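Let me begin by presenting the structure, written as structure tokens, before commenting on it.
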Amino acid sequence: VGERLVVIGGDAAGMSAASQARRLRPDLEIVALERGTRTSYSACGIPYLVGGAVHDVESLVARSPRDFRDRFRIDVRLRHEAVAIDLDRRSVEVRDHGHDRTLSVGFDQLMIGTGARPFRPPIPGIDLPTVHGVQTLEDGERLLEAARRARCERVVVVGGGYIGLEMAEAFVERGAEVTLVEGDRQVMRTLDEDMADLVAGAVRKHGIDLRLGVPVTGFEPGTVHTAGGDVAADLVVLGLGVLPNGELAAEAGLATGSRGAIVVNRRQQTAAEGVWAAGDCAESFHLVSQRHLHIALGTVANKQGRVAGVNIGGGYATFPGVVGTAATKVCATEVARTGLTEREAAIDGFRFVTARIDSTTRAGYFPGAGPITVKLVAERETGRLLGGQLVGQEGAAKRVDVLATALSARMTVHDLVDLDLSYAPPFAPVWDPVLVAARKAAAAVDADRR
Ligand SMILES: Cc1cc2nc3c(=O)[nH]c(=O)nc-3n(C[C@H](O)[C@H](O)[C@H](O)COP(=O)(O)OP(=O)(O)OC[C@H]3O[C@@H](n4cnc5c(N)ncnc54)[C@H](O)[C@@H]3O)c2cc1C
């Protein structure tokens, strides 16, 4: 009998691992268990589906179960939920929801790609049917239906992270009256407050009623109770972050760490032989802070899944870590961040300087040039770049990739100043905003040395 790989979770991490393992091991029997009805879908596209920029929900599916079966010979089993893992007997107990039965599937190798779920704090009424999390395409379809319904006029989004902001924009696009309530004093906790204020300004300008510093205290049909008063709501969308689905692994005896995410080594292997984990259910290593943390991003899930798949297939691959790079768009404003914010650098005990500059996304005279603000954080003694944040008009966000590259290469802000970045009026001023910020940060480092 040949060797069998069982994959739990049919999205980015699980199916990247499965397809990579197949490329390397044509002989492997691969069974993929997915409790939902789709494989390899882009949850990232849900806000654009609900907002109307994307018209067809199926276009968000990168590879269907049929593709996996026909082209990759992967036995995809939909509506099959793994309910327990027995590491001694090397088997997974599976609930087949389609046939209302439970079965046991043995494995030689096991890949856990169970993802994460929207965080639902124990607030009274949070389980009401009008309170929606956003995770699967089924969630997206439900929200799209609600957005199209005439009755859905007042939408309350709870939480000002990037998913909350993207969903708020989506409902504004559909003509709803949108209130965004956030318990913290700022939106986007992944930015420093001064940069988040720029985002808040853009959100308000777009007609979203943004209420900061008002925690939600309860939900009732038609009403959201907050510390700052009641808000009428036909529909509530949660954007309070996600929690890793690490319970199955933990119950099987595998170690979990940050927020309950599964502990893995750099090859995405757990402490158990032949058992791997990747994506939103697993921990990542942060290359700047040198900490293990939980980071839920599609980019990371795909890469980690691929690394796991190479190793499952008998090759050798490692995932060196993340620098915390993320980008989003809120209305016409682009937002991006990488590395450590000023707040995070302080928590991690770095001594640092910061530099913040305002510039334009294109040559100032070129049509469509818009404002951009860049903030850099650099280590005080060495000048090493620790992080960067950008908020601005079209063309702002992808500049973060230069900073992410610099972080991975452990460059100083002085190195950054010397980079030969591109210039032509439609793309940048002659001094790119990233370079202007680097120059200012380098000057701050030098001033400190004198
Ligand atoms: C609205 C939204 C916007 C986003 N935008 C971005 C973005 O712009 N950029 C970015 O990088 N990331 C973005 N993300 C995050 C990205 O979607 C996730 O990081 C990525 O999907 C993680 O992939 P995964 O395979 O680890 O987990 P998931 O995508 O969560 O997949 C896990 C799968 O496992 C299945 N499963 C779970 N438990 C079981 C079980 N016991 N048995 C069987 N099946 C199980 C689930 O049904 C699910 O299909 C966004 C997410 C959302 C919700």
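Results, tabulated for the structure shown:
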{"read-out": "Distance (nanometres) between label positions extended 7 Å along Cα→Cβ at Ala409 and Ala53", "value": "3.0"}
{"read-out": "Nonlocal amide H pairs with Arg117, under 5 Å, H built at 1.01 Å", "value": "Leu243, Asn245"}
{"read-out": "Neighbourhood net charge (9 Å Cβ-Cβ; Lys/Arg +1, Asp/Glu -1) for Gly395", "value": "+1"}
{"read-out": "Distance in nm between pseudo-label sites at Asp420 and Glu145 (7 Å out along the Cβ direction from Cα)", "value": "5.8"}
{"read-out": "The chain, relative contact order [Cα under 8 Å, separation at least 6], %", "value": "14"}
{"read-out": "Long-range tail of P(r) for the range 291-450 (Cα pairs > 28 Å, %)", "value": "27"}
{"read-out": "His292 accessible area, 1.4 Å probe, all protein chains in place, Å² to nearest 10", "value": "110"}
{"read-out": "Alpha carbon centroid spacing (whole Å) that separates the range 413-439 from the range 281-342", "value": "26"}
{"read-out": "Carbon + sulfur, % of accessible area of the chain - ligands and nucleic acids excluded, 1.4 Å", "value": "51"}
{"read-out": "Of Arg101, Arg174, Arg267, the one that fluctuates the most in a GNM where the chain has Cα springs shorter than 10 Å", "value": "Arg101"}
{"read-out": "Neighbour net charge for Ser104 - beta-carbon separation under 12 angstrom, K R +1, D E -1", "value": "+1"}
{"read-out": "Most positive-pole-ward Cα, Val322, Thr341, Gly257, against dipole of the chain from beta carbon charges", "value": "Val322"}
{"read-out": "Value of [θ]222 nm, deg cm²/dmol, for the chain, DSSP H segments ≥ 4, -39500 (n - 2.57) each, nearest 500", "value": "-8000 deg cm²/dmol"}
{"read-out": "Set of aspartates and glutamates near Lys398 by C-alpha distance (under 18 Å), chain-local residues within fewer than 8 positions excluded", "value": "Glu166, Glu334, Asp358, Asp420, Asp432"}
{"read-out": "For the range 41-156, size of Cβ-based charge dipole, Lys and Arg +1, Asp and Glu -1, in debye", "value": "160"}
{"read-out": "Residues with amide H under 5 Å from that of Ile126, placed H, sequence gap 5 or more", "value": "Phe219"}
{"read-out": "Accessible area in the full protein assembly, largest first, 1.4 Å probe, for Leu385, Leu419", "value": "Leu419, Leu385"}
{"read-out": "Within a Gaussian network of the chain (alpha carbon springs, distance under 10 Å), most fluctuating of Tyr41, Tyr423, Tyr162", "value": "Tyr423"}
{"read-out": "Most mobile of Glu145, Glu173, Glu342 in a GNM of the chain (Cα contacts under 10 Å)", "value": "Glu145"}
{"read-out": "Net length gained if the chain between Lys205 and Glu153 were fully extended (0.36 nm per residue, minus Cα distance)", "value": "16.8 nm"}
{"read-out": "Taking the convex hull of Cα positions in the chain, its mean projected area over all directions (nm²)", "value": "23.4"}
{"read-out": "Within-13-Å neighbourhood charge of Asp358 [Cβ basis; K, R +1; D, E -1]", "value": "+2"}
{"read-out": "Which of Phe427, Phe350 is most accessible, then next, and so on - probe 1.4 Å", "value": "Phe427, Phe350"}
{"read-out": "Estimated dipole of the range 91-191 in Debye, rounded to 20 [Cβ of Lys and Arg +1, of Asp and Glu -1, Cα centre]", "value": "260"}
{"read-out": "Other-chain or far-sequence residues with amide H under 5 Å of Val54's (modelled H)", "value": "Leu49"}
{"read-out": "19 Å Cα-Cα reach of Lys303 towards aspartates and glutamates, excluding residues that sit fewer than 8 places from it in its own chain", "value": "Asp11, Asp280, Glu283, Asp401"}
{"read-out": "The range 339-355 - phi-based ³J(HN,Hα) in whole Hz, Karplus 6.51/-1.76/1.60, Gly and Pro as x", "value": "x, 9, 7, 4, 5, 5, 4, 5, 4, 7, x, 6, 9, 8, 10, 10, 9"}
{"read-out": "Solvent-accessible area per residue for the range 215-291 (1.4 angstrom probe, square angstrom)", "value": "39"}
{"read-out": "Per residue accessible area of the range 1-113, 1.4 Å probe, in Å²", "value": "46"}
{"read-out": "Backbone HN-Hα couplings from phi across the range 226-239 [Karplus 6.51/-1.76/1.60, Hz, Gly and Pro as x]", "value": "10, 4, x, x, 8, 10, 6, 8, 7, 8, 10, 10, 8, x"}
{"read-out": "Phi-based couplings in Hz for the range 48-57 (Karplus 6.51, -1.76, 1.60; Gly and Pro marked x)", "value": "7, 5, 5, x, x, 6, 10, 9, 10, 4"}
{"read-out": "Debye, to nearest 20: dipole size of the chain, +1 on Lys, Arg Cβ, -1 on Asp, Glu Cβ", "value": "740"}
{"read-out": "Largest-first ordering by accessible area, 1.4 Å probe, given options Lys398, Lys205, Lys329", "value": "Lys205, Lys398, Lys329"}
{"read-out": "Within the range 335-370, backbone nitrogen closer than 18 Å to the virtual label 7 Å beyond the Cα of Asp446 toward Cβ", "value": "353-357"}
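The values are calculated or read from the model by the stated rules, or taken from the named source; none is laboratory data. None of these values were measured; they are calculated from a predicted model. Glycine also receives a Cβ, built like all others from the backbone with ideal geometry; neighbour counts cover every protein chain displayed. Surface accessibility is based on the protein's heavy atoms, side chains included, excluding ligands, DNA and RNA. Shrake-Rupley method; radii C 1.70, N 1.55, O 1.52, S 1.80 Å.
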